[in-house]
Amino acid sequence: PQRELGFICLSGLATGASWLCYFRALQIGDVDKVVPVDKSSAILSILLAFLFLHESISPLKLLCVVLIGAGTYLMITKKETSSETSGKKGWSWFFYALGSAVFASLTSILGKIGIEGIDSNLGTAIRTTVVLLMAWIMVFVTGKQKAIKAIEKKELGFICLSGLATGASWLCYYRALQEGPASVVVPIDKLSMLVTIAFSWLVFHERLTKKAAVGVLLITVGTVLLVII
């Protein structure tokens, strides 16, 4: 139906906008700070699901939202580190990460509306096509298409592996959205933050402060409680 198709395409556009903001934020900020802000889209998704999808919201669920929000705040507070961190481009990464979170929450709500009446794999394929078109349009608009030849094979390999992981994630995610409430599916998806933080510690040696560690704990507890209730 045209209604479902329209919402899926809008979800794809929101995904593209979220990615553009997210990867720009990663480019100029620390992974262990950017990711928690991006994952705070779970809070917006819960509120939007209540407003537009009429999903229930209880005092306990609001408490979970507060825990996730408090955890995110603790994770983005300024590190007590050296000039290397202060050399970053101020807080500009934060606004890109925040934009990523806003568009990601819209992605979930629009996707939930559009995916209800069709096969989840077909819906994912349509969204992916929209995202690809949007991304390549941005490449040509910014005149970066000539840089493709300069990409090293190793980097290209990792980008392709990232794409495969994204595809597998989307197939699972939109199947879950089709069958479950967005206010629960989205926070579970955001727990990927734990894997990302562990990876950034192992590979990029980005260490968590005590405040950030408490933040991770609060976000995890809030998310787990959302699943239980």
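Listing for the model above:
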item: Answer residue from region 26-57, given it is of a type in the set (Asp, Glu) and within 21 Å of residue 92 (Cβ to Cβ) and is modelled with the highest pLDDT among those; result: 38
item: Residue identified as outside any helix (DSSP H, G or I) and within 23 Å of residue 25 (Cβ to Cβ) among 117, 111, 99, 143; result: 143
item: Of all residues in region 1-35 being over 21 Å from residue 122 (Cα atoms) and among the charged types (D, E, K, R), the one that is farthest from the chain's Cα centre (by Cα); result: 30
item: Matching residues, region 6-48, being farther than 21 Å from residue 128 by Cα and open to solvent by 40 Å² or more (accessible area, probe 1.4 Å); result: 26, 27, 44, 47
item: Complete set of residues in region 141-167 that are within 24 Å of residue 220 (Cβ to Cβ) and either touching a residue at least 12 places away in the same chain (Cβ under 8 Å) or open to solvent by less than 40 Å² (accessible area, probe 1.4 Å) (or both); result: 166
item: Cross-chain or 6+ apart pairs with Cβ under 8 Å, region 192-210 first and touching a residue at least 60 places away in the same chain (Cβ under 8 Å) and closer than 16 Å to residue 74 by Cα, then open to solvent by less than 100 Å² (accessible area, probe 1.4 Å) and of a type in the set (Lys, Arg); result: 193/39; 209/79
item: Top-ranked residue in region 168-197 [being closer than 15 Å to residue 108 by Cβ, open to solvent by 30 Å² or more (accessible area, probe 1.4 Å) and polar (S, T, N, Q); ranked as modelled with the highest pLDDT]; result: 169
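The values are calculated or read from the model by the stated rules, or taken from the named source; none is laboratory data. Just so you know, these numbers come straight off a predicted model, no measurement behind them. Note that we place each Cβ from the backbone using ideal geometry, even for glycine, and neighbour counts take in every protein chain shown. Accessible surface is based on the protein model in full, side chains and every heavy atom, while ligands, DNA and RNA are left aside. Shrake-Rupley method; radii C 1.70, N 1.55, O 1.52, S 1.80 Å.
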